[in-house]
Amino acid sequence: MFLFPLVLGVLFLPEANSLKCHECLPAPSGICTEKTAECPSQDYRCLAATEVAIKDGVVVSALNIKRCIMPDRCVENSVNYGTYRVVKNSACCNEDLCNAQIPEYKSAPNGNMCFTCEGENCMKTLNCVGNENYCVKATRNVEGKNVTLKGCASKLICSNQRASRVNEFSAEQISCCQGDYCNSASKASTYLLLLLVPLLFSALLS
């Protein structure tokens, strides 16, 4: 007797509204048309993120993105090899259209110091910035030759679970440590800088 009213009550319960977010995904042309999107479920958040590549102190590329995203993918990371740095900042929120503002990237020194390479000299001091709390050494085989870069990196770049998703180097090719100058000194190749464009946005766009 009580089953029928219960079924009716469940059928006519108001559906919880999902978030509405600004959406703007980078296009090959570098231009994106912003629109409004409804997130697939209540678990999602609105994301606003920026990825900036800096070479010799000059911003050489900048990508902005806005979209719905799961909270565990709202991350920040940075890898810094002295003459070349890529940094991504993200901000997530859970109110309708709250992701209008793109966050600024962090560039203030944090007190950590690591070795970096300048030509054949790999005993140069690099002042880490933002959330770069690790020293990093990255190696890669290029045209049959192992080349190395040294610098600073954030925790996410050094994570074995996510390194392959946020950086061109695999987890096996990146070694990280904590403590000033813990990434030692050895020769490196500046040629690798031309290939070092970390795929920081790959996880956000998928």
Single condition Asn89 does not satisfy, out of (1) of a type outside the set (Lys, Arg); (2) in a strand (DSSP E or B); (3) in contact (Cβ under 8 Å) with a residue 40 or more places away in the chain; (4) farther than 16 Å from Ile54 by Cα
(4)
More than 23 Å from Gly57 (Cβ to Cβ), modelled with pLDDT of 75 or more and outside the structural domain of Gly57 (by TED's automatic domain parsing): does that describe Cys135?
no
List the number of the failed condition for Val87; all other conditions in (1) surrounded by fewer than 16 Cβ atoms within 10 Å (Cβ to Cβ); (2) not assigned by TED's automatic domain parsing to the domain that holds Ser175 hold.
(1)
Here the qualifying pairs (Cβ atoms under 8 Å; residues six or more apart or on different chains; first in the stretch 109-132 and at positive phi; second part of a strand (DSSP E or B) and crowded, with 20+ Cβ neighbours inside 10 Å) come out as Gly111/Cys128; Gly130/Ser78; Gly130/Val87
Looking at Asp43, is it surrounded by fewer than 16 Cβ atoms within 10 Å (Cβ to Cβ) and in contact with a Pro (Cβ under 9 Å, 6 or more places away or on another chain)?
yes
So Thr33 ticks every box in (1) β-branched (Val, Ile, Thr); (2) under 21 Å from Arg73 (Cα atoms); (3) part of a loop (DSSP other than H, G, I, E, B) but one. Which box is left unticked?
(2)
Exactly one of Glu118, Glu172 is at pLDDT below 50, surrounded by fewer than 17 Cβ atoms within 10 Å (Cβ to Cβ) and among the charged types (D, E, K, R), and that residue is Glu172
Taking the stretch 41-63 and keeping only residues that are over 30 Å from Thr125 (Cα atoms) and in a loop (DSSP other than H, G, I, E, B), one is left with Ser41, Gln42, Asp43, Tyr44
Residues in the stretch 64-72: is at least one touching a helix residue (DSSP H, G or I) at 6+ places or on another chain (Cβ under 8 Å), within 27 Å of Tyr181 (Cβ to Cβ), in a strand (DSSP E or B) and not acidic (Asp, Glu)?
no
Any idea how many residues of the stretch 129-149 are assigned to a strand (DSSP E or B) and either acidic (Asp, Glu) or out of contact with any Pro (no Cβ under 7 Å at 6 or more places or on another chain) (or both)?
14
When you check Leu126 against the structure, is it assigned to a loop (DSSP other than H, G, I, E, B) and in contact with a strand residue (DSSP E or B) (Cβ under 8 Å, 6 or more places away or on another chain), yes or no?
no
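The values are calculated or read from the model by the stated rules, or taken from the named source; none is laboratory data. Model, not experiment: these values are computed from the prediction. Quick reminder, even Gly has a Cβ in these numbers, built from the backbone with ideal geometry, and neighbours come from all protein chains shown.
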